[in-house]
Amino acid sequence: MEDQDRGVAALLALARTGVRRLTPAETAAAARRGALVVDTRTDPQRAEQGDLPGALVIDRTVLEWRLDPASASRIPEAVDYDVEVVVVCRQGYSSSLAAASLRALGLWRATDLIGGFDAWRRAGLPCADAPADIRR
């Protein structure tokens, strides 16, 4: 294995290969058309930075179980493998890995927000004015 094939940069490149990642404006549009926007940031990150309007908060450690339609631990919105999912993290790195994992499960429309919540804020998009929809 060559050095360029190792490490987190190589893993991210592989996770993003052939995937159309979304800008903040495209993520907002996806939410309006019914996509599941899933925020995987930690509680302290959300407390400090704010919440995404309409997002479902799902801890990264249980993400696959909550979104797999065949899982006994799925959320009600995980109705089939055609569901559009946009994963959001703080800066758009772990969300790429999470979206790749969801695609590996069969959720072929899973993608992520380029630049994460930081990009959302830089784009001037709003934070939620209601409590987050946290799914354990």
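Give the Cα extents of the chain along the principal axes, in whole Å, largest first.
49, 36, 27
When a/c is below 1.5 the answer is rounded, else prolate if a/b is larger than b/c, else oblate, so apply that to the range 1-52 with a ≥ b ≥ c taken from the square roots of the Cα gyration tensor eigenvalues.
The shape class here is oblate.
What's the FRET efficiency of residue 59 with residue 108 using the Cβ-Cβ distance as r and R₀ = 22 Å, to the nearest 0.05?
Step by step, r from the Cβ atoms, then E = 0.45.
Could you work out [θ]222 nm for the chain from helices alone, using -39500 (n - 2.57) per DSSP H run of at least four and dividing by all its residues? Round to the nearest 500 deg cm²/dmol.
For the chain, the value works out to -10000 deg cm²/dmol.
Need the C-alpha centroid separation for the range 1-49 versus the range 63-89, integer Å.
Using only Cα atoms, the two centres lie 16 Å from each other.
Sort 78-84, 23-29, 99-105 by the packing proxy (mean of other Cβ within 10 Å over each peptide's residues), most packed first. Working shown, then result.
Numbers: 78-84: 14.1, 23-29: 17.3, 99-105: 19.7.
Output ranking for 78-84, 23-29, 99-105: 99-105, 23-29, 78-84.
Neighbouring Cβ atoms within 10 Å as the yardstick, rank 64, 2 fewest first.
2, 64
Gain in length, residue 129 to residue 13, computed as 0.36 nm per residue apart minus the alpha-carbon separation, to one decimal in nm?
Residue separation times 0.36 nm, minus the Cα-Cα distance, leaves 38.3 nm.
Each value in this text was obtained by applying a stated rule to the coordinates, not by laboratory testing. Only a predicted model underlies this, so the values are computations on that prediction, with no experimental measurement involved. Virtual Cβ from ideal backbone geometry, glycine too; neighbours counted across all protein chains shown.
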